[in-house]
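Notes to accompany the following structure.
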Amino acid sequence: MIGDIMTSLWAILPVIVLALWACVLLLVDLWLPKDQQGSQQGESNSPITPLLAALGMLTSAAIVIARIGQPTMGFGGMMMADGFSHFICLLLLASGLVTIGLSHDYMKRLGIARGEYYVLLMFSLSGMMLMSMSADLIMVFLSLELLSIPLYVMAGIATPRPSSEEAALKYFLLGAFASGFLVYGIGLVFGATGSTSLQQIVAVVQSGNYNLALILGGAALIITGLGFKVAIVPFHMWTPDAYQGAPSAVTAFMSVGAKTAGFAALLRVFVLAFPAFSADITPVLWGLAALTMVLGNFAAIAQRNIKRLLAYSSIAHAGYIMMALVPYGQDGLSADSVASALFYLVAYAFTNFAAWAVVIALEQAGEKGLELQDYAGLGRKHPALAAVMAVAMLSFTGVPPTLGFVGKFYLFRTVLEGGHVGLALIGVLTSLVSAFYYLRVIVVMYMQEGEPEARREPWLQAMAYGSAIGVVALSIFSAPLLFLASQAVLKLF
Amino acid sequence: MLQDYLPIVILVLIATGMAGLVVLLGHLFGPRRPSARKAQPYESGMRPIGPGTRRMPIRFYLIAVLFILFDIEIVFLLPWAVVFKKLGLFGVAEMLVFILILLVGYVYAWKKGALEWE
């Protein structure tokens, strides 16, 4: 029995390290010397906390890297540390590290530098990593809560700023609502098959001894619950308000981390447990993907606030990733489906962080400097930042040589191989629509006159340039990344 | 399979029907003499004192959160104590981890001054 527990704990060691580290950091932060000058009440300006948090994430990443190629299973098949989860975990940990880089000076500047922020970030990250490993619906739910609850607090960390509190409350209420859908869906699947373990569900489905209506209802509710988290239409209502109100660094993390984890769970659950029902589920996914791409891109056109624009763009990109899921049940295509979704998640993460880094550099106190007009003249005054933004916008649009182009290429290829020509067409057309508002940002930056003020903070700049260089460099050398993504196969047993 | 639930459906129908009928009859035949006293919100028969939305010290919020924290701890500790011998060393270790995690929260709350009233 002790041996069992040891192998189980061993399987989720990266998460345990991260969560324990967060617990210790919470206490360490209490006793760290506080920088009294200019610090408000309850604020800790100590630069040691973010450094320690980054160290914890690096340790966790080192453990994950050391285990690539050795799939392990734990807790009686509830947790699965396979190539898929390794890939997602590394992406998430990298996102966490970038978020620390984006946050450090930004939080200080806004007067909301709190040590708890980094602790919450680590807790949320452990939830996301657990989610990518969950091979049991109950674990999917638990890790969803673990990732969500710290995120609600992080969205409201700029309290007493009303917009931040509003964002936190909206995100919390709708998130709790979505969790209800997910639990109900899990309940229906359990009712239909008698188990919440994906492995057992597959066995029951093969034996044919299940209730089809219940399992389809359960699958639909699981899509709804996770759809809230990844912000697909029609479950996207909270996204613009939450993304706009939350501090920009939190929004950057939220949009990448929650989306990655949500899609990880969707991919694992649907590709492993429900391939037999693809005839019924694929049309639903098709419709959701098409709706998300159309509505996200068209709604973004009307946005003048850069944070809202990026929020709608993140909805639209959830639609593109959703496209990869559509042919998930076809023979020989599920691996392509997973690989192209993973690749696009990486592309989205890099591009998104580049764009948000520029937003953070230009944001002024009191939520100023966030309108599109505030970007006028950036090309002349801060050419490097403008270049980063331009690269991000081109990558979002899907113009070579950027990662967004390569990602979209693999997505469309997967969709076309699945025979969904109509959906691919919608994807291409909405990409053309998106070019309008993405290129407008570039036009404003380079062709209009203005005097934008940007911060020169070393970590922020490093993250901005790093992400932008990553977007271009990885697109040119995309083969190794795609190879890694295609190696990240889901293991069932 | 669904036929087994027929009696429950009938029961639900009768129950809602009866309740609706009683309310309807009262509504149709009952006398109505509204007065200022009757229009007041019901407060256990007492005369209402002050507005219902009085301001409370926000510190009660922290106390309530801490109460839940330790309430849950007890909820888990009691059944654990009952089967303590059966669980053996494994149970001790598990409970130790659980309490340590709660302890982290407790120390944090303490150091942050959540337990100070002033």
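The values are calculated or read from the model by the stated rules, or taken from the named source; none is laboratory data. Source: prediction; values computed, not measured. Glycine gets a Cβ as well: all are built from the backbone with ideal geometry, and neighbour counts include every protein chain shown.
Taken over region A:399-421, the criterion of being closer than 17 Å to A:Ser337 by Cα, touching a residue at least 60 places away in the same chain (Cβ under 8 Å) and surrounded by fewer than 17 Cβ atoms within 10 Å (Cβ to Cβ) is satisfied by A:Arg413, A:Glu417, A:Gly419. So which residues in region A:315-336 are among the small types (Gly, Ala, Ser) and modelled with pLDDT of 90 or more? Within region A:315-336, A:Ala316, A:Ala318, A:Gly319, A:Ala324 qualify.
Counting the residues of region B:89-118 that are part of a loop (DSSP other than H, G, I, E, B), surrounded by fewer than 13 Cβ atoms within 10 Å (Cβ to Cβ) and within 11 Å of chain A (Cβ to nearest Cβ) gives 1.
Restricting to region A:5-20, what's the tally of residues that are under 25 Å from the mean Cα position of the chain (by Cα) and within 12 Å of chain B (Cβ to nearest Cβ)?
Our first condition is that a residue be under 25 Å from the mean Cα position of the chain (by Cα); within region A:5-20, this holds for A:11-20.
Those still in the list that are within 12 Å of chain B (Cβ to nearest Cβ) too: A:16, A:19-20.
The number of residues fulfilling the criteria is 3.
Return yes or no: is A:Ile2 surrounded by fewer than 20 Cβ atoms within 10 Å (Cβ to Cβ), β-branched (Val, Ile, Thr), farther than 29 Å from A:Phe353 by Cα and within 14 Å of another protein chain (Cβ to nearest Cβ)? When the stated conditions are applied, A:Ile2 passes them.
Checking the conditions here, which among A:Tyr465, A:Tyr446, A:Tyr438 is in contact (Cβ under 8 Å) with a residue 40 or more places away in the chain, of a type in the set (Phe, Trp, Tyr), part of a helix (DSSP H, G or I) and buried (at least 23 other Cβ atoms within 10 Å of the Cβ)? Show your work before the answer.
Numbers: A:Tyr465 fails: buried (at least 23 other Cβ atoms within 10 Å of the Cβ); A:Tyr446 fails: buried (at least 23 other Cβ atoms within 10 Å of the Cβ).
Matching residue, one of A:Tyr465, A:Tyr446, A:Tyr438: A:Tyr438.
Mind checking whether some residue in region B:53-60 is in a helix (DSSP H, G or I), without any contact (Cβ under 8 Å) to a residue 60 or more places away in the chain and either of a type outside the set (A, V, I, L, M, F, W, C) or within 26 Å of B:Trp117 (Cβ to Cβ) (or both)? Within region B:53-60, one or more residues are in a helix (DSSP H, G or I), without any contact (Cβ under 8 Å) to a residue 60 or more places away in the chain and either of a type outside the set (A, V, I, L, M, F, W, C) or within 26 Å of B:Trp117 (Cβ to Cβ) (or both).
Sort out which residues of region A:147-163 are surrounded by 21 or more Cβ atoms within 10 Å (Cβ to Cβ) and among the aliphatic types (A, V, I, L, M), and write them in order of number.
The first filter runs over region A:147-163 and keeps only residues surrounded by 21 or more Cβ atoms within 10 Å (Cβ to Cβ), leaving A:147-148, A:150-152, A:154-158.
Those that are surrounded by 21 or more Cβ atoms within 10 Å (Cβ to Cβ) and among the aliphatic types (A, V, I, L, M): A:Leu147, A:Leu151, A:Met154, A:Ala155, A:Ile157, A:Ala158.
Residue count for region B:73-118 satisfying the condition of being touching a residue at least 24 places away in the same chain (Cβ under 8 Å) and β-branched (Val, Ile, Thr): 1.
Answer yes or no as to whether A:Asp29 is at pLDDT below 85 and within 11 Å of chain B (Cβ to nearest Cβ). So A:Asp29 does not fit the description; no. Within region B:69-88, the set of residues being within 14 Å of chain A (Cβ to nearest Cβ) and exposed (fewer than 12 other Cβ atoms within 10 Å of the Cβ) comprises B:Lys86, B:Gly88.
Residue check: is A:Thr59 touching an Asp or Glu at 6+ places or on another chain (Cβ under 7 Å) and modelled with pLDDT of 85 or more? So A:Thr59 fails the test. Which residue is farthest from A:Pro283 (Cα to Cα), if the candidates are limited to region A:361-384 and must be hydrophobic (A, V, I, L, M, F, W, C) and crowded, with 24+ Cβ neighbours inside 10 Å? Looking at the filtered set, the residue picked out is A:Leu378.
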